[in-house]
Amino acid sequence: MNAGKKETQTNANIDLCGVRNLLQLLSGHGFSEQELKRIIARIAKNTGADIVFC
């Protein structure tokens, strides 16, 4: 794999982890888990992140 592409992929995954943490805070403020899962999936697709959360 190209070193630049791997770095970009790593950054996308790190960014997605941060976004996920922020979205988890919203779960206590009236957002459903289903809604938050859809948001994180859309962000992952748009950024090219490939990390899997359990």
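The values are calculated or read from the model by the stated rules, or taken from the named source; none is laboratory data. Everything quoted here is computed from the prediction, not taken from an experiment. Cβ atoms come from the backbone with ideal geometry, glycine included; neighbour counts cover every protein chain shown. Accessible surface is based on the protein model in full, side chains and every heavy atom, while ligands, DNA and RNA are left aside. Shrake-Rupley method; radii C 1.70, N 1.55, O 1.52, S 1.80 Å.
Some observations on this one:
- Reported label for calculated log10 I(q)/I(0) by the Debye sum over Cα atoms at q = 0.14 Å⁻¹ given [x] -0.39; [y] -0.63; [z] -0.33: [x]
- Set of region 5-19 residues, backbone N closer than 15 Å to the point 7 Å along the Cα-Cβ line of F31: 16-19
- Rounded to the nearest 20, the Cβ-based charge dipole of the chain about its Cα centre (Lys and Arg +1, Asp and Glu -1) stands at 140 debye.
- Solvent-accessible area, 1.4 Å probe, carbon plus sulfur percent, for the chain: 56
- Computed lengthening from R38 to L22, 0.36 nm per intervening residue step minus Cα-Cα distance: 4.3 nm
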